[in-house]
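What follows is one structure encoded as structure tokens, with my remarks underneath.
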Amino acid sequence: MVMSQDQPRDAWDEVLAAAGLTKETCHFDALDMALYGGGDFQLPFYNALHSDPLRIPSETRIFRQNVLASAASPGDLVSYAAIRLGVRTRRTLIGDPLDAQMKQSAEPEALLKAIQAIYAAAGAPMTAAQATRCRAQVVHVPADVQKQAAFVLLVEAEAYRWRQRAFARYAAGHDLQHIFNKLVSDDPNAQSDFSTVDPEIETLMHAVDMPYLMAGGEDVTLAADRAATALAARTGSETFAFDWDTPLGHVALHGAQNDTYPGNVPYLLILDTGGDDTYYGGGATYDAAHPVSVLIDLKGNDKYLEAPELATTPIARYAGRKHHRARPCFGAGILGYGVLIDVAGDDLYRAVNATMGRAHFGIGILQDRAGNDTYDAYVNCEGSADFGVGILDDLQGVDQYHCFENGQGYGGTLGFGLLCDAGAEGDTYEANDTALDFASPQTKDHNANLSQGCGNGWRADFTDGHSLCGGIGALVDGGGDNHFTAGLFAQGAGYWYGVGILSGGPGNDTYDGVWYVQGGAAHFAVGILDDVGGDDRYRATMNMAQGAGHDYSVGFLIDEAGNDRYESPNLSLGSGNANGLGFFWDKSGDDTHIVRPSTTLGGASIEATGTNSVRERDLTLGIFLDTGGRDTYPAELPAAHNNARWSMADIGMKRALPVMRGAGLDTEAPQTPDPK
């Protein structure tokens with residue numbers, strides 16, 4: 001319903017009316033859309049955003065608040081992720097799921113009993129002779145460390161049982177080690193080639209019990225978090241070393257000395273109380289027979305390296321980066337659980353693949369609580385997940401994040417990948433677009449990074465039809481003057497039923513990207529960039545950016561406050577293409593828009609096919625809304641200016657079909673509420 005001019009309405013009502021729509025009619029035609037696309041494992045969170053796009057501003061704010069409120073507890077983040085994936089395990093909802101293990105860890109000889117529990121869980125009880133030797137060695141470990149190590153081991157024993165239940169149906173007829181090898185050596189370029197899904201992995205997708213898998217992952221993450229917190233304030237500087245091999249992996253309890261941990265050991269638990277340590281492994285699943293690993297480091301400026309040469313060689317200059325490692329490391333759960341918590345220190349994390357909060361049929365967590373840290377990886381890293389939850393959670397410090405592809409908040413099928421930097425310091429986020437290892441199909445001059453808040457699916461409608469819906473990829477930054485740089489599909493981007501979210505905190509941020517960036521999405525997806533404040537600069541150079549949706553997708557850019565500068569390409573600033581919906585909303589501030597006349601500033605584009613396709617009757621929409629400040633627009637588009645409302649025709653766009661709708665509004669209404 002179009003409202004009369006004397007009837008009060010908010011800015012959203014007004015700009016939608018200018019496009020011939022209302023809040024109730026601003027959505028896709030679900031029945032027509034169902035004739036195209038599709039795929040297994042569609043997420044309820046995707047459905048909520050895609051079916052009612054005007055919910056996105058409020059839903060994104062809620063998402064941000066929940067992530068930051070849970071950042072101190074990685075276990076709570078895993079629970080929140082499971083709910084968003086539709087798995088809905090909430091282990092702490094009623095009572096404490098770890099109460100029994102907590103009580104057992106306070107009993108006499110708790111550490112010995114916990115190690116015996118590991119043997120029992122593996123089906124190989126400890127012998128009397130082994131118990132005698134273990135008892136004699138345990139006494140050299142400080143009592144508080146013994147207690148927390150016992151607690152974590154008891155929970156790991158139970159988490160192993162959850163993991164066995166999760167894969168019982170698949171393991172009954174398949175070799176888990178064989179599929180493990182496939183998952184960790186998977187070529188990240190394969191998805192870009194749109195080849196068919198590996199039939200063995202597809203069988204696993206339909207056989208895994210995700211609630212069982214999430215239950216064990218929540219428990220072991222909660223246990224690691226509690227143990228790290230209990231020991232964080234200890235002042236002891238003892239030097240000690242307890243090392244013991246169990247059927248499920250090696251237990252290493254070490255003191256304040258500078259230790260080196262080799263990478264060819266299947267670690268079940270590392271608990272290190274201090275020193276500047278070097279890790280070549282730990283906190284990650286080692287193989288199918290060693291699927292649970294926890295690493296807790298309390299103090300020191302530590303190095304987490306896949307190989308010794310990476311101590312001084314960045315991944316971008318590492319000749320071996322294209323040769324994917326055969327083993328996960330540093331907060332990676334592949335067919336199991338890998339948890340790493342570093343409590344304090346300026347740390348260096350550098351590895352190639354399956355690392356730093358990576359999950360593939362599992363849970364992978366890296367939490368760094370303090371220090372100025374560097375994270376440098378290649379692919380499948382820094383908060384990345386397929387069929388599971390992968391989280392990189394940094395609580396404070398001036399940090400640097402570097403990756404190439406599938407990182408910094410990447411969600412593949414049934415995956416929740418999150419990079420959360422909860423601190424207020426200025427950070428650097430780089431998805432490499434210089435060394436062209438992953439040249440994009442859209443342009444060979446730039447990488448398809450699939451990073452910095454990217455939800456990505458597997459499109460197979462033009463191959464074998466076995467399409468897989470994308471997951472949730474999110475980057476949430478707490479604040480500071482941050483710099484984000486990437487090539488294609490990044491900074492709040494979605495592809496094939498995926499949801500990508502980049503939520504920037506207060507601070508003067510810069511966003512540099514190329515195509516499908518900064519709230520851009522393609523093919524039935526959702527891409528969102530939400531910046532909560534600061535004088536920001538957005539720059540995209542080629543297409544589909546800053547609130548742009550293509551082919552039944554939704555792109556949304558929201559800037560809450562600040563004097564911002566937008567350097568924009570074609571199909572930007574609230575534009576839709578080929579039945580896509582694009583939204584741009586700058587709430588307040590004196591902004592500058594630098595853009596050539598094109599499909600922009602509330603524009604829509606779709607080609608008439610002449611084939612009586614339903615696409616010619618389905619909405620293509622662009623909405624531009626600025627609700628406060630004295631703004632500067634291109635001189636070549638005089639209809640777009642302060643306190644003005646314009647249509648597509650006003651800024652030179654031809655309307656080839658009636659379903660092409662677009663409008664822009666600049667008004668002084670900074671208190672405009674969310675549209676839904």
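A straight line joining the Cα centroids of segment 406-441 and segment 127-180 runs 33 Å.
By DSSP, what percent of the beta bridges with both residues in the chain are antiparallel, rounded to the nearest 5? Taking every DSSP beta bridge with both residues in the chain, the antiparallel ones total about 10 percent. Helix 56-70 axis versus longest C-alpha principal axis of the chain: approximately 20°, rounded to the nearest ten. May I ask what percent, to the nearest 5, of DSSP beta bridges between residues of segment 190-294 are antiparallel? Percent antiparallel among DSSP bridges in segment 190-294 is about 45. Residues of segment 310-324 falling in the label zone of Thr428, defined by backbone nitrogen less than 18 Å from a point 7 Å along Cα to beta-carbon, are 311-318.
Under the 0.36 nm per residue contour assumption, what length would be gained going from the current alpha-carbon distance of Thr463 and Ala639 to full extension?
Between Thr463 and Ala639, full extension yields an extra 58.8 nm.
From its DSSP helices (H runs of at least four residues, each -39,500 (n - 2.57)), the chain gives a residue-normalised ellipticity at 222 nm of -6500 deg cm²/dmol.
Rg then Dmax, both in Å and based on the Cα atoms of segment 525-676: 14.5, 48. Take the Kirkwood radius over Cα pairs of segment 298-417, plug it into Stokes-Einstein at 25 °C and 0.890 mPa s, and you get 180 µm²/s for translational diffusion. Distance between the pseudo-spin-label points of His483 and Gln400 (7 Å out from Cα toward the beta carbon): 1.0 nm.
Shape call for segment 378-480 from the C-alpha gyration tensor, a ≥ b ≥ c root eigenvalues: rounded (a/c under 1.5), prolate (a/b greater than b/c) or oblate? Oblate, because a/c is 1.5 or more while a/b does not exceed b/c. Extending 7 Å from the Cα toward the beta-carbon at both Ile594 and Asp209 defines two label points whose distance is 5.8 nm.
Taking only the C-alpha atoms of segment 436-536, the Rg (one decimal) and the largest Cα-Cα distance, Dmax (whole number), read 14.0, 47 Å.
Each principal axis of segment 531-599 carries a Cα extent, and these read 33, 22, 14 Å when sorted largest first. Cross-link partners for Lys23 among the lysines, with Cα-Cα distance under 29 Å and sequence neighbours closer than 8 places in the same chain left out: Lys587, Lys654, Lys676.
At 0.36 nm per residue, minus the direct Cα-Cα distance, what do Lys676 and Ser51 gain on full extension? Give it in nm, one decimal, please.
223.7 nm
Between helix 128-138 and the chain, what is the angle of the helix's C-alpha long axis to the longest principal axis, kept within 0 to 90° and rounded to the nearest 10? Roughly 70 degrees, rounded to the nearest 10.
Under the shape rule built on the C-alpha gyration tensor, where the axes satisfy a ≥ b ≥ c, segment 216-369 is oblate, since a/c reaches at least 1.5 while a/b does not exceed b/c. With neighbours defined as other Cβ atoms within 10 Å of a residue's Cβ, the residues Lys299, Lys23, Lys654 order from fewest to most as Lys654, Lys23, Lys299. Using only the Cα atoms of segment 566-617, build the gyration tensor, take square roots of its eigenvalues as a ≥ b ≥ c, and label the shape rounded, prolate or oblate: rounded if a/c is under 1.5, else prolate if a/b is larger than b/c, else oblate. Prolate.
For Ala307 and Leu93, the difference between the fully extended length at 0.36 nm per residue and the C-alpha to C-alpha distance is 72.9 nm. Identify all lysines with a Cα-Cα distance to Lys322 below 23 Å; exclude those on the same chain that are fewer than 8 residues away in sequence. List returned: Lys182, Lys303, Lys444. Between the beta carbons of Thr443 and Thr260, assuming R0 = 41 Å, the FRET efficiency works out to 0.40 to the nearest 0.05.
Looking at the P(r) of the chain, how many percent of alpha-carbon pairs lie beyond 50 Å? Value for the chain (Cα pairs over 50 Å): 14 percent.
Each peptide among 347-354, 335-342, 67-74 gets the average number of other Cβ atoms lying within 10 Å of its residues, and from highest to lowest they stand as 335-342, 347-354, 67-74.
The numbers here are math on the coordinates, done by the rules we state, and not lab data. Source: prediction; values computed, not measured. Ideal geometry is used to build each Cβ from the backbone, glycine not excepted, and the neighbour counts take in all protein chains shown.
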